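Read the structure below first, then the notes.
The values are calculated or read from the model by the stated rules, or taken from the named source; none is laboratory data. The model shown is predicted, which means the values in this text are computed figures rather than measured ones. A quick note on method: Cβ atoms are made from the backbone with ideal geometry, for glycine too, and the neighbour counts reach across all protein chains shown. Keep in mind that these areas ignore ligands, DNA and RNA; they rest on the heavy atoms of the full protein, side chains included. Shrake-Rupley method; radii C 1.70, N 1.55, O 1.52, S 1.80 Å.
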Amino acid sequence: LVVSMGYDDVVGVLIVDAAANIGFSGAFLNPFTIGVAQEMADLPLFSGMGYRVLCWCILTSAMVVFTLVYASRIRKAPAAADMSSDTPDDADGSHRRHAVILAVLLATVAALIVGVTCLHWYISEISALFLAMGVLCGVIAGYSANRIADEFVAGAKDIFPAAMVVGLASGIVVILENGHIIDSILPGMATGLDCAGRTGALSLMYGIQTVINLVIPSATAKAAITIPIMAPFSDMIGLSRQAMVL
């Protein structure tokens with residue numbers, strides 16, 4: 001689409017992939033990152049939202065400006081190919097279906113925000129909401145019941161590794177706590193960072209998360225593995241748990 005408008009592939013990547021990652025990094029209502037981390041850190045769900053919204057605004061604004069500046073520099077004449085001959089007969093119907101599906105997606109996001117902030121929804125309710133959205137979108141797209149089920153299974157396959165890591169991480173936490181291993185880890189970490197102060201400790205936590213990104217791309221899994229250690233450690237050095245989660 002962007003190439004046909006006179007831009008290059010990079011603009012398409014910026015719009016789709018980079019923008020999604022910016023939103024993910026600055027998330028303030030993501031139940032699978034902020035929600036999991038705050039629950040494991042014994043913080044009120046989605047507390048500290050004001051500062052997160054500020055971070056999201058700054059990151060998103062920077063991303064938008066960068067995309068627009070880059071796009072303006074490589075703007076070329078739109079592709080001259082006549083697309084009318086390649087347009088399927090049911091293009092108008094397909095476009096209408098896409099518009100309705102996008103409307104359902106927006107309604108789902110709105111319901112998520114209201115449910116989480118006003119009705120205290122969490123994983124069970126949110127899962128049901130997304131499942132209902134998926135089924136409804138499949139119906140709107142004209143899929144059969146079998147295809148909707150197949151697409152659901154295909155999507156579940158993508159997230160199964162992360163779900164399994166979260167389960168295994170919970171077992172690791174039990175071993176660390178019941179075996180009193182964490183009792184020796186935390187003092188050692190605190191002693192090693194006595195001279196660094198809270199800013200240095202926070203920078204170290206950020207560095208650790210960045211390195212873990214290379215082997216565990218799932219933020220949910222990272223939260224399940226690291227928060228049980230990071231939360232009591234932040235208490236020992238006088239660091240806010242909210243800052244630790246951020």
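Only one residue in 61, 25 is open to solvent by 30 Å² or more (accessible area, probe 1.4 Å), among the small types (Gly, Ala, Ser) and more than 20 Å from residue 223 (Cβ to Cβ), so which one is that?
Numbers: 25 fails: more than 20 Å from residue 223 (Cβ to Cβ).
Result: 61 is the single residue among 61, 25 that is open to solvent by 30 Å² or more (accessible area, probe 1.4 Å), among the small types (Gly, Ala, Ser) and more than 20 Å from residue 223 (Cβ to Cβ).
Answer yes or no: is there a residue in region 26-38 that is more than 12 Å from the chain's Cα centre (by Cα) and closer than 25 Å to residue 124 by Cβ. Talk me through it step by step, then tell me what you get.
To start, the set of residues in region 26-38 that are more than 12 Å from the chain's Cα centre (by Cα) comprises 37-38.
Subset that is closer than 25 Å to residue 124 by Cβ: 37-38.
For region 26-38, residues more than 12 Å from the chain's Cα centre (by Cα) and closer than 25 Å to residue 124 by Cβ: present.
Looking only at region 64-99, filter to residues that are touching a Phe, Trp or Tyr at 6+ places or on another chain (Cβ under 8 Å) and surrounded by 12 or more Cβ atoms within 10 Å (Cβ to Cβ); which one of those is modelled with the lowest pLDDT? Outline the logic, then answer.
Let us first name the residues in region 64-99 that are touching a Phe, Trp or Tyr at 6+ places or on another chain (Cβ under 8 Å), namely 71, 74-76.
After this cut, where a residue has to be surrounded by 12 or more Cβ atoms within 10 Å (Cβ to Cβ) as well, the list is 71, 75.
Values: 71: 93, 75: 83.
It comes out as 75.
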**Prompt:** Of all the helices (runs of 4 or more DSSP H) wholly in region 128-232, which have at least 1 residues that are more than 28 Å from the chain's Cα centre (by Cα) and modelled with pLDDT of 85 or more?
**Reply:** 145-178
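Within the group 132, 110, 128, which residue is surrounded by 10 or more Cβ atoms within 10 Å (Cβ to Cβ) and in contact with a Ser or Thr (Cβ under 9 Å, 6 or more places away or on another chain)?
Working: 110 fails: in contact with a Ser or Thr (Cβ under 9 Å, 6 or more places away or on another chain); 128 fails: in contact with a Ser or Thr (Cβ under 9 Å, 6 or more places away or on another chain).
Exactly one of 132, 110, 128 is surrounded by 10 or more Cβ atoms within 10 Å (Cβ to Cβ) and in contact with a Ser or Thr (Cβ under 9 Å, 6 or more places away or on another chain), namely 132.
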**Message:** I need the full set of residues from region 19-48 which are in contact (Cβ under 8 Å) with a residue 24 or more places away in the chain, assigned to a helix (DSSP H, G or I) and of a type in the set (A, V, I, L, M, F, W, C), in order please.
**Reply:** 19, 22, 24, 32, 34, 36, 37, 40
**Selection within region 196-246 - under 18 Å from residue 29 (Cα atoms) and in contact with an Asp or Glu (Cβ under 8 Å, 6 or more places away or on another chain)** = 241
**Item:** Qualifying residue in region 9-18 (condition: without any contact (Cβ under 8 Å) to a residue 60 or more places away in the chain and closer than 26 Å to residue 231 by Cβ)
**Value:** no
